[in-house]
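This report refers to the structure that appears directly beneath it.
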Amino acid sequence: MEAIYAFCVGILTTCGFFLVLRGRTFTVVIGLTLLSYAVNLFLFASGRLKLDGAAVLGQSVEYSDPLPQALVLTAIVIGFAMTAFVVILAMRSRADQGNDHVDGQIPEQPSARLSASDKRAG
Amino acid sequence: MNLLWVVLLPLIGTLVPFFTERFGRNLCALSVAILPACSLILVLLYAGDIFSGQSLRQTIEWIPAIGLDLSFRLDGLSLLFLLLILGIGLLVILYARYYLSSKDSMGQFYAYLILFMSAMVGIVISNNLIQLWMFWELTSISSFLLISFWSNKSDARKGARMALTVTGAGGLALLAGLLMIANIVDSYDLDTVLASGDVIRAHAHYPIALVLVLLGAFTKSAQFPFHFWLPHAMSAPTPVSAYLHSATMVKAGIFLMARFYPALAGTDLWFVLVSITGLITLLLGAYIALFKHDLKGLLAYSTISHLGLITLLLGLNSDLATVAAVFHVINHAIFKASLFMAAGIIDHESGSRDMRKLNGLMKYMPYTATLAIVAALSMAGVPLLNGFLSKEMFFAETLDLSMFGSLSWMIPLLATVGAAFSVAYSLRFIHDVFFNGEPIDLPKTPKEPPRYMKVPVEVLVALCLLVGIFPAYIVGDLLSVASSAVLNGDLPSYSLAVWHGLNIPLFMSILAMVGGITIYHNRRHLFQFQSHFDEQDAKHVFEGVIQWIVKATERVVETFENGSLQRYIFLLLMFTLVMGAYPLFSLTENIGTREQIPVDGVTITGAVLMILSAIATVIWHRRRFLALTFLSVVGLMVSLAFAQFSAPDLALTQLSVEIVTIILLLLALFFLPQNTSKESTNRRLSSDLLVSSLIGCVIGTICFAILTMPLHSISDFFLANSKTGGGGTNVVNVILVDFRGFDTLGEITVLGIAALGIYKLIAKMRIFMPTRDDKGRAWSNDPHPMMFEMVSQSLLPLALLVSAYIFLRGHNLPGGGFIAGLITAVAIIQQYIAHGVQWIKPRVKVDYQWLIAGGILIATLTGIGSWVFEKPFMSTWFDYFDLPWVGEFELASAMIFDLGVYLTVVGAVMLILANLGKLTTSERISIKEND
């Protein structure tokens, strides 16, 4: 089970980062959301996985670690605030700049971009 | 005793000129002189103790744990430099009163000058390495201000910048060196450092520390190859040159070498580095000085040469040579300061410093000329003047050298050559300026300066004579205490006398005199020879180097910061990848010993669903609505995962946040393009995919390693004390509202701030509102279906009831303020969706901003409330009560805190979503902008 869990975290991270690397704001926001899922799951994993062990006293024999849960709970709420802020910023950027590119302007020469990305990749 | 005042008095004096400038020049100069004079008197009061062999200390503790103290020492060396700094400083104050014209801001000049003086005083009496370095840097900065005093002149600005760059860079090297020394001896205390010379010299890092400290000293004291800044600093007003570039600032490097002599000197490395640098500087300075037509240029190179001489003496690792070095520090300061002042008088009264124009001034200013001639003869090393004495000692020392083996005979020879050039340029100074025919078209007719402008020169020239004739009587004691401070107490026997009999040093002196006269007599041939070489202007070279650095830096910045967010993130990810992956190479066992949970069908189905929908989100990311749909599936699966792995609170939170997030993103998508066109090249896509996959692998590996390792958690404490200490059985909730309540308070504050920021962003948004989708269909024919309206309206009380239940049980069962707040928010949002903003507006009259503020206020007040009961901030109280029909129930202060959390969450979520929703209607918010 642990391997599957770790694999899921890895996949979410990959998908999140790939989308964050895209050039349009909405896609980046989706990427950030995926990434925050990954981060929350990762943080949660520091308390290890446990079945039927909710940290409510008297309800189970062995309890799961409540501390990462408390941390992740606030992280989820703060993550929402962050996503909301970024998405509204993206809207404002589109309203003020007239486009939804992350740099506030659509790159003028695709060929220049191409060479830049080639240089970077090479 | 209070050594602090020695430096504090001048430092306070920095402010004096600003207040007294308006009372006229005389009063201003007088008031400025008072505090340094007090400081000098204070030093003189201590002088008796120093001469009787004591040395004084004073330490004021600041942060003793890391060795930062205000610590002062007054020993012979400090005393000598204090007398030079404060004594010559007072003369310069008097001199500058007459030198500055009425156009110059006298207050500003004096303020800079006194600041510099304080910094110098600070250097010489510091007993803490960091403190010493701080004053050292202060001299660099204040000298920058002084050199660039005439800031409308390009030369002054360039010269000042060069001086600051060179000495500032040297200062950084010095800091590194001092830190290394402090590390070696494990103390910033100068006494400790000076006492552990053997430890330092034996340490493996000694060579590096030595080189770094010497870099600081050489740059400050204009030693080759860093000498080039000093001639360009001559664009400063002459009082500055007289003060900084003869007696004080350039001597700071010498002081540094002398101060650290017990700790660093005595090795071959010290000998080679210091003596050879000194020798080259001595010869180079003396040679170039002869060819300078500018009076101050000649004096500047002469200063370089004499500083080289002192450095050479310090480098010889001989006690007698060190005494000679200290002696020459005194002598050079005296005659060079008076020469600079004389040069300033000549410049002031004739309007030129060019020796090709200045001729025959003896006729016009006989008195000043006499003074200058005496000082120049002292510079040349003529007997009965102070320069002669230290030069004799220097010659004697060069004769005793054996360090260069069979080549040692060259040192006395080179010393004589240097001295001959010194005689030659001194002769040029005397002959060219005061004799040699008539002046050639000078701007004004030269005349004697005001009476009191000559006083400082008179004082200094008198000292030249007195020291030259009665050396032991005038400076004997000072020299012996200063030298013994440098040598840590072992004073060699030497004699300060004018006449030592017929010996080789005297012969060398005579040889130098004759040689100097010969060189000067044949100067035309030499000048012609020199004119074959292109003179490399250090300014251009320096500016070129600076330009090159600026361009190179720009290129680097452009590479990393080209304005493309994608590139930044890519570079950041690469960095993360390297930093994250590197330690994994040393992790050989990534499967821990913890027993793993067996796989079951339901979980694997959920995992597959999550993975597939995450991948689908990426594949269809250009079709945004589709991507959003898949994203919501991922979120749902995440909340199920939390439920599966014993985190019911998380599952509830994730579920409600998921709903709110997706509604928010849907609303946002309404205003944004529905699809993204393909922009990235395949090459970019593959490289992005590669790097994100690699990061995914790294994160997954780390996650797996963590999951399989045994758990050592601090949570046992929380589990044990949750019920007894916090009064609740739901440990997660108790951690949130009790154990880590302060964190939660911070987090709801962040949430509130984010919501307010969003409110502000929405307020002035002028965004295009689409009426049709990208296929040309109208968005909606029936925005508020009746069925939906009815159902959601009837659901509202139920939802609120659930929310209240979740809130109340939160302390003991999964639930709490966060979750209840989200459920309430979702219930209200549903009404917005079903009925529209216009319908809600008259019915819900809650100001969400006040809800946030109220929530945070309640939470904070609950925390503060514990102070009333004299408990620490955020202590909780709880008790159990019994009511008929209801049964036993619990009341806890944590519940009030949780209420604050609840209100903030409701307020924040609603503030964001309701205002975003209003954008789709004519009810858009608009803030009346005052600004």
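Among residues of the stretch B:422-444 that are of a type in the set (Gly, Ala, Ser), those with a beta-carbon under 6 Å from a residue that is surrounded by fewer than 22 Cβ atoms within 10 Å (Cβ to Cβ) and not in a helix (DSSP H, G or I) at least six positions away or on a different chain give the pairs B:GLY437/B:ASN359; B:GLY437/B:GLY360.
Among the residues that make up the stretch B:613-630, is at least one of them surrounded by fewer than 22 Cβ atoms within 10 Å (Cβ to Cβ) and over 15 Å from A:GLY31 (Cα atoms)? Within the stretch B:613-630, none of the residues are surrounded by fewer than 22 Cβ atoms within 10 Å (Cβ to Cβ) and over 15 Å from A:GLY31 (Cα atoms).
Consider the stretch B:702-713 and keep the residues that are more than 7 Å from every other protein chain (Cβ to nearest Cβ) and in contact (Cβ under 8 Å) with a residue 12 or more places away in the chain. The one that is nearest to A:GLY23 (Cα to Cα) is B:ILE702.
Would a scan of the stretch B:425-440 turn up a residue that is modelled with pLDDT under 90, part of a helix (DSSP H, G or I) and loosely packed, with under 15 Cβ neighbours inside 10 Å? No: zero hits. Considering the stretch B:675-685, the residues that are part of a helix (DSSP H, G or I) and surrounded by 15 or more Cβ atoms within 10 Å (Cβ to Cβ) include one that is nearest to the other protein chains (Cβ to nearest Cβ), namely B:ARG684.
Restricting attention to the stretch B:560-605, the residues that are within 30 Å of A:ASP100 (Cα to Cα) and in contact with a helix residue (DSSP H, G or I) (Cβ under 9 Å, 6 or more places away or on another chain) total 15.
For the stretch B:689-701, the criterion of being within 27 Å of A:MET82 (Cα to Cα), in contact (Cβ under 8 Å) with a residue 24 or more places away in the chain, of a type outside the set (Ser, Thr, Tyr) and more than 8 Å from chain A (Cβ to nearest Cβ) is satisfied by at least one residue.
Only one of the listed residues (B:ALA472, B:ALA396, B:ALA462, B:ALA380) is crowded, with 22+ Cβ neighbours inside 10 Å and not hydroxyl-bearing (Ser, Thr, Tyr). That residue is B:ALA380.
Selection of the stretch A:1-28 for residues being in a helix (DSSP H, G or I), facing chain B (nearest Cβ under 7 Å) and among the aliphatic types (A, V, I, L, M) yields A:ALA3, A:ILE4, A:ALA6, A:VAL9, A:ILE11, A:LEU12, A:LEU19, A:VAL20. Give the stretch A:45-75 a look and list any residue that's facing chain B (nearest Cβ under 7 Å), assigned to a helix (DSSP H, G or I) and within 17 Å of B:PRO814 (Cα to Cα), or say none. Matches in the stretch A:45-75: A:PRO66, A:LEU67, A:GLN69, A:ALA70, A:VAL72, A:LEU73, A:THR74. Those helices (runs of 4 or more DSSP H) of the stretch B:1-60 in which 1 or more residues are more than 28 Å from the chain's Cα centre (by Cα) and among the basic types (Lys, Arg) occupy B:25-51.
B:LEU664 meets the stated requirement of being out of contact with any Phe, Trp or Tyr (no Cβ under 7 Å at 6 or more places or on another chain) and at the interface with chain A (Cβ under 7 Å from one of its Cβ atoms). Filtering the stretch B:589-620 to residues that are more than 11 Å from chain A (Cβ to nearest Cβ) and within 52 Å of the chain's Cα centre (by Cα) leaves B:GLU589, B:THR593.
Within the stretch B:180-197, does at least one residue satisfy the condition of being of a type in the set (Asp, Glu) and at positive phi? Within the stretch B:180-197, one or more residues are of a type in the set (Asp, Glu) and at positive phi.
Counted as qualifying within the stretch B:502-588 are the helices (runs of 4 or more DSSP H) with 3 or more residues that are charged (D, E, K, R) and away from chain A (no Cβ under 14 Å), namely B:538-560.
Among the residues of the stretch B:828-860, those that are small (Gly, Ala, Ser) and in contact with a Leu (Cβ under 6 Å, 6 or more places away or on another chain) comprise B:GLY854, B:GLY855, B:ALA859. Only residues that are aliphatic (A, V, I, L, M), surrounded by 22 or more Cβ atoms within 10 Å (Cβ to Cβ) and out of contact with any Leu (no Cβ under 8 Å at 6 or more places or on another chain) were counted across the stretch B:270-297, and they come to 2. Against the numbered list (1) more than 21 Å from B:ILE663 (Cβ to Cβ); (2) facing chain A (nearest Cβ under 10 Å); (3) within 50 Å of the chain's Cα centre (by Cα), B:SER639 comes up short only at (1). Taking (1) touching a residue at least 12 places away in the same chain (Cβ under 8 Å); (2) surrounded by 15 or more Cβ atoms within 10 Å (Cβ to Cβ) in turn, B:VAL750 satisfies each apart from (1). Only one of the numbered conditions (1) part of a helix (DSSP H, G or I); (2) within 14 Å of chain A (Cβ to nearest Cβ) is violated by B:SER803, and that is (2).
Within the bounds of the stretch A:34-42, is there any residue that is over 15 Å from the mean Cα position of the chain (by Cα) and either surrounded by 21 or more Cβ atoms within 10 Å (Cβ to Cβ) or in a helix (DSSP H, G or I) (or both)? No.
Out of all the residues in the stretch B:527-583, which are exposed (fewer than 14 other Cβ atoms within 10 Å of the Cβ) and within 30 Å of B:ALA705 (Cα to Cα)? Correct list: B:LEU572, B:PHE575, B:VAL578, B:MET579, B:TYR582, B:PRO583.
Checked against (1) out of contact with any helix residue (DSSP H, G or I) (no Cβ under 7 Å at 6 or more places or on another chain); (2) surrounded by 15 or more Cβ atoms within 10 Å (Cβ to Cβ), B:TRP499 passes all but condition (2).
Condition first: over 22 Å from B:ALA754 (Cα atoms) and polar (S, T, N, Q). Can you find one or more residues in the stretch B:892-912 that meet it? It would help to see each step written out before you state the result.
As a first pass, look at the stretch B:892-912 and keep what is over 22 Å from B:ALA754 (Cα atoms): B:892-896.
Narrowing further to those that are polar (S, T, N, Q): B:893.
Yes; the residues of the stretch B:892-912 include at least one that is over 22 Å from B:ALA754 (Cα atoms) and polar (S, T, N, Q).
Residues in the stretch B:880-897 that are in contact (Cβ under 8 Å) with a residue 24 or more places away in the chain and not aliphatic (A, V, I, L, M): B:GLU890, B:SER893, B:PHE897. Could you list, in sequence order, all residues of the stretch B:757-773 that are within 14 Å of another protein chain (Cβ to nearest Cβ), surrounded by 10 or more Cβ atoms within 10 Å (Cβ to Cβ) and in contact (Cβ under 8 Å) with a residue 40 or more places away in the chain? If the condition is that a residue be within 14 Å of another protein chain (Cβ to nearest Cβ), surrounded by 10 or more Cβ atoms within 10 Å (Cβ to Cβ) and in contact (Cβ under 8 Å) with a residue 40 or more places away in the chain, then B:ILE758, B:TYR759, B:LYS760, B:ILE762, B:ALA763, B:LYS764, B:MET765, B:ILE767, B:MET769, B:PRO770 are the ones that fit.
The values are calculated or read from the model by the stated rules, or taken from the named source; none is laboratory data. Source: prediction; values computed, not measured. So basically every Cβ, Gly included, is an ideal-geometry build from the backbone, and we count neighbours across all protein chains shown.
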